[in-house]
Amino acid sequence: MIHLHSITKTYPDKTLFKDLDLVVKRGSRVGLVGANGSGKTTLLRMIVGEEEADHGQVQINKKISIGYLPQEITTTSQETILHEVLNETPEIAELEIQIEAISAQISSEPDNHALLEKLGRVQAEFERLNGWSIESEAKKVLGGLGFTPEQMKTPLEQFSGGWRMRVALAKLLFKHPDILLLDEPTNHLDLASLIWLETFLKEWSGALVLISHDRTFLDKTINQIFEIDHATIHSYAGNYSKYIAEKALRIEQQRAAYRNQQKLIDETEQFIERFRYKASKATQVQSRVKVLEKLERIAPPEGEQSRISVRIPQPGRSTRIIAEFSGVAKAYGTLEVFRNLNLLIERGQKIGLVGPNGAGKSTLLKMLAQEEPLSGGKLKWGEGVVSGYFAQHQFEALPLEQTLFDLISAENPKWLTTEVRNYLGSFLFSGDTVDKQIKVLSGGEISRLALAKMLANPSHLILLDEPTNHLDMRSRDVVQEAISGFSGSMVCISHDRHFLNAVTNMIIEVDHGTIKIYPGNYEYYIWRKSQQSSETTRSETSVKTTPAAKQASGEYHDRKKQSNRIKKLHKLIQDCEVDISEQDKILQDPAASSEYEKIQAALLEKESLEEKYLELLEELETLQESFK
């Protein structure tokens, strides 16, 4: 359907593409990945004609329809959002007008067979285009993306940019084009809408090219990866997880091939240098010179970007109770969000807040951050507890004229220059970047910096509202590692399921004034929800578990204990190997050969360690077998 041939695109400061070839076939489901600035968005814009290539051709089948969702939407309208969506099928609206007009004529000319035949033809076309159920289809798409029936009657101009993006997405999905080009469609979606879109795209029969930094979303919606890297494109079959594994294998193969070739080159050059002036070896020397001249050099492997260890200041040990809501109420005028909310947050808990849009997740987080006053009840803090808050738009308050270095240095005045630079480096700000003013950073970089600023001050409780939004894959990895290594407590809202699963040990489902607690990470929450759907309906407000629930929770915790024990066994086995090696050094040391007692002790210790080693191995094998 789409063929980009020998595309070259150059800007004054960089070359985005050089002789790039790309084919999107009918039914393709492509994830477009690459570092920020690699040209992913530019590639989509070139396909729809909003950017031009310097060289090469963009060939598109004229018979196909393309739906394109850019990252930003600026258009607005006084139309209701339902009519905005329905207007995407003007041919149906026109047919509906014709049906009304012909029907009016027939009412005054009931015996006009020509009019009756015309009405039949128009109605047949209307039915072919699914005209009778078109409005219900539009409502279904809008509802899936989080709009209430009341909101569907509201003019588009009354919605914020994020909600307008949802309307733009609804219009695309409603039109059912032959190919969808989606640039970060999940940025403005909550978790429920994201999962709905994921399900919709899984059932999508057309082609799809998707840019997203959500690993789980990519894994569930695409079956091919196009990676833009160093002005060219590499194709991988499978979803994102398979791409990561295959890329690592490809890099290792290239590294091995490069090393082997470098060894061959070194040996050949040494031969040439050694025998260059010996007449008896002249033929062999010339032969090897020609080999080197004709050799197609393997490029050194890029390798994966160096892994950065994120170290953030850790808080001291806090009281067991961090914060407690008692009988809390929250209302905005006549709109009641919470009534009699009771919630205890304890030391070490890493809580993820989930639930439908508008259920009160952000309100709960803001009340904890004391950004929103309580309408009733109490919020009690543990003695000496310090909290930190990261809001989606908190970075707007950063001093844009200040440098990155000065910003972080001011947060921790006792840090040395190297400590400030190392800390910023762990958040992917290195070299001259740390001396730049904040105002020159991209949106994702500013968001990452705002989080780094908050974490520079040790807090017992951190409150995070969508901390990974607008971040690329590597930045998300950094944020995830920082939060995973945080020893305090956390309450977090995120629609990134991979992130939630990695950093939480408790999920709280917020649903219109009520909360339900799930003791485990996001994966456990989803598993438990699926279990509940097959159990007897229980009171929605109860957080106590039935015997069946306790059994299910017990099964989960048993598996978690097994998983932790397996990790521990790997460490114990490694330690045992090191200890055995130490005893071997004593036994092989010539200086100790005459020290009978030392040798005897080493032999006994080694024998004991080897027995322990075998026991650990047996336990590991048994656990791994039962864990499958």
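The values are calculated or read from the model by the stated rules, or taken from the named source; none is laboratory data. Model, not experiment: these values are computed from the prediction. All Cβ positions, even for glycine, are placed from backbone atoms using ideal geometry, and neighbour counts span all protein chains on display.
Structural remarks
- Segment 288-298, residues that are more than 46 Å from the chain's Cα centre (by Cα) and surrounded by fewer than 13 Cβ atoms within 10 Å (Cβ to Cβ): LYS290, GLU293
- Meets criteria (loosely packed, with under 15 Cβ neighbours inside 10 Å, of a type in the set (Ser, Thr, Tyr) and within 26 Å of LEU189 (Cβ to Cβ)) for SER108: no
- Filtered by the rule that a residue be polar (S, T, N, Q), at pLDDT 90 or above and over 25 Å from GLY238 (Cβ atoms), segment 162-212 gives no residues.
- Screening the candidates SER489, SER534, SER530 for the property of being modelled with pLDDT of 75 or more and either of a type in the set (A, V, I, L, M) or loosely packed, with under 15 Cβ neighbours inside 10 Å (or both) yields one hit, SER530.
- Residue that is surrounded by the fewest Cβ atoms within 10 Å (Cβ to Cβ) [pool: residues in segment 450-473 that are within 18 Å of the chain's Cα centre (by Cα) and in a helix (DSSP H, G or I)]: MET473
- Leading residue by the ranking (nearest to the chain's Cα centre (by Cα)) among those in segment 254-286 that are among the hydroxyl-bearing types (Ser, Thr, Tyr) and surrounded by 10 or more Cβ atoms within 10 Å (Cβ to Cβ): TYR258
- For segment 73-84, filtered to residues that are surrounded by 11 or more Cβ atoms within 10 Å (Cβ to Cβ) and in contact (Cβ under 8 Å) with a residue 24 or more places away in the chain, the residue that is nearest to the chain's Cα centre (by Cα) is ILE73.
- For the residues ILE106, ILE92, the requirement of being hydrophobic (A, V, I, L, M, F, W, C), farther than 30 Å from LEU173 by Cβ and either in contact (Cβ under 8 Å) with a residue 12 or more places away in the chain or in a helix (DSSP H, G or I) (or both) singles out ILE106.
- Residue within segment 304-322 that is of a type in the set (D, E, K, R), at pLDDT 85 or above and out of contact with any strand residue (DSSP E or B) (no Cβ under 8 Å at 6 or more places or on another chain) present: yes
- Residue within segment 215-225 that is modelled with pLDDT of 90 or more, in a loop (DSSP other than H, G, I, E, B) and within 22 Å of LEU500 (Cα to Cα) present: yes
- Subset tally (residues that are in a helix (DSSP H, G or I), polar (S, T, N, Q) and loosely packed, with under 15 Cβ neighbours inside 10 Å) for segment 122-154: 2
- Scanning segment 155-186 for residues that are of a type in the set (Asp, Glu) and assigned to a helix (DSSP H, G or I) yields one hit, GLU157.
- Of all residues in segment 399-440, those satisfying the criterion of being buried (at least 18 other Cβ atoms within 10 Å of the Cβ) and under 24 Å from ALA369 (Cβ atoms) are LEU407, ILE408, TYR423, PHE427, ILE438.
- Taking the listed residues SER594, SER581, the one that is polar (S, T, N, Q), outside any loop (DSSP other than H, G, I, E, B) and assigned by TED's automatic domain parsing to the domain that holds ARG565 is SER581, with no other qualifying.
- Take the conditions (1) more than 25 Å from ILE64 (Cβ to Cβ); (2) out of contact with any His (no Cβ under 9 Å at 6 or more places or on another chain); (3) without any contact (Cβ under 8 Å) to a residue 60 or more places away in the chain; LYS247 misses just one of them, which is (2).
- Enumeration of residues in segment 397-415 that are part of a loop (DSSP other than H, G, I, E, B), hydrophobic (A, V, I, L, M, F, W, C) and either in contact (Cβ under 8 Å) with a residue 40 or more places away in the chain or closer than 17 Å to PRO458 by Cα (or both): LEU398, TRP415
- Every pair of residues 6+ apart whose Cβ atoms lie under 8 Å, when the first sits in segment 48-70 and is in contact (Cβ under 8 Å) with a residue 60 or more places away in the chain while the second is among the basic types (Lys, Arg): SER65/LYS175; GLY67/LYS175; PRO70/ARG45
- Single residue of segment 85-105 satisfying the filter (closer than 26 Å to GLY206 by Cβ and among the hydrophobic types (A, V, I, L, M, F, W, C)) that is surrounded by the most Cβ atoms within 10 Å (Cβ to Cβ): VAL85
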